Amino acid sequence: MLGAGLGSRISKAMAALLRRRRRLLRIATPAGSGAPWSELPPDLLFLVLSRLPSYADRVSLRAVCRPWRSAARLQPFAWLFVRADTFLALPEGALHRMPLDRNQILLRVPIATGRMFFLVHRDGSCYLTNPSSGESTPLHISSDSLKIDLGCRSYNWIRKVVVSDGIVAVPYCGMVTIFPRMASPGQGARLCWVPPAMFPTASIHVDTDIALFQGELYVVLTNKHNKSGSELPELHRLEIDDEQNRVRSVQCIRRTPRNHVDDPARSWTPRNGMDRTWRSVFYLVPCGDRLLMVERRTLVERFVVWEGAVRQRGSRPIRTQLEAWEGVDLIGGHGHWSKVDTLMGHALFVSRGCSQSLPASAQCGAQQDCIYFAMTERPRRKREPQDDVFRCVVYNVRDGTMEPLETSEPTVRPWEPTWFFPAHA
């Protein structure tokens, strides 16, 4: 749940809004006539929406408010998928269960838009499913084509799927596999893209994220061995040649040292037998006419413990920082990353499986120029699933502050929490 302080501020703001509305009605409405909520002006409508945290309250308002019914569909409210079949609606914290048969589903990955899920069933078949309605669309993709071993649970390494009208793209183990979406069985071979030969490590040591931006598929490449976070990653645009059935990449941004590479806080610093280092993970997020990249930097402490005669290594996260970057001059191969301090009135919702930008004015409860980030921090040592720490934070790119967004709900392995945007909200 959100803190009591925020709830109190919302209540006071709502009360002030209602007092203003009553004054307007006394001026504009003849004595004795009812208050025409059905004619609520658009400017006041959006003020009301921005202060209604509950989905149920939004539905009630829609039932009586004519401007909402006649206006274009608003952006849906963000939910968190925290378990196999459980959604957490923010900010009120209500739990919702969707009709997903967890016993028959081996893989559940949100598509990049956050409105549907890519499912792999026990029989190896693949589907696109709307968990709000339960409707499913079969895909002519088998688990064999994904090069995953369902027996060893390596399917958990697939965390994101990008779907367009023509393709289904799956990043996995440093490569990107692309399938034709509408192909019939036996038609349309899959295409595999691997990092170019000049990339310093094998694909298995590469962390990738992909996104559709202005109709093109982009992939960001990070060297997993870049422990200190001293470099910003490469960005490639993938071009699919249907006639020759191949995919090639155009490098848009080269790997570049960050400005504060010499920051001593980023180097290895032994302390009481423990080492600390920064690790970075990068997420692509289209935002209007800009392609943004959110960087999560985590300070990790590595240690060695003895249990009897057994020596074990482990690590634990100490703290996390966020930064936002924009890909500039992407055409021509001479682009670069530029740090941003504004999201142009948008709010970003970032998670491993789904990252989305929404206009904050249409996103009830979301603050503009803020990043809502969901993650699970997992110590690397013998542990139980309950040892994992689920965190949802709000980062303000203008002033660099970060606050926790309390949810009070644990996540259950092996599925990480991810954002979801119900189509009916």
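No value in this document is a laboratory result; all are computed from the given coordinates. This structure is a prediction, so every number in the text was calculated from the model and none was measured. Quick reminder, even Gly has a Cβ in these numbers, built from the backbone with ideal geometry, and neighbours come from all protein chains shown.
Quick look at the values:
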| item | result |
| --- | --- |
| Sites THR320 and ASN103 - FRET efficiency at Förster radius 41 Å, r taken between beta-carbons, to 0.05 | 0.75 |
| Exposure proxy order (Cβ contacts within 10 Å, fewest to most) of ARG279, ARG352 | ARG279, ARG352 |
| Highest-first arrangement of 206-213, 162-169, where packing means the average Cβ count within 10 Å | 206-213, 162-169 |
| Theoretical gain in end-to-end length, MET182 to THR137 [0.36 nm per residue, Cα-Cα removed] | 15.1 nm |
| Distance (nanometres) between label positions extended 7 Å along Cα→Cβ at ASN245 and GLN312 | 5.0 |
| Protection proxy ranking, peptides 216-223, 317-324, average beta carbon neighbours within 10 Å, highest first | 216-223, 317-324 |
| Label-point separation in nm, ARG122 to SER164, each point 7 Å along Cα→Cβ | 3.7 |
| For MET116, distant residues with modelled amide H under 5 Å away | ILE111 |
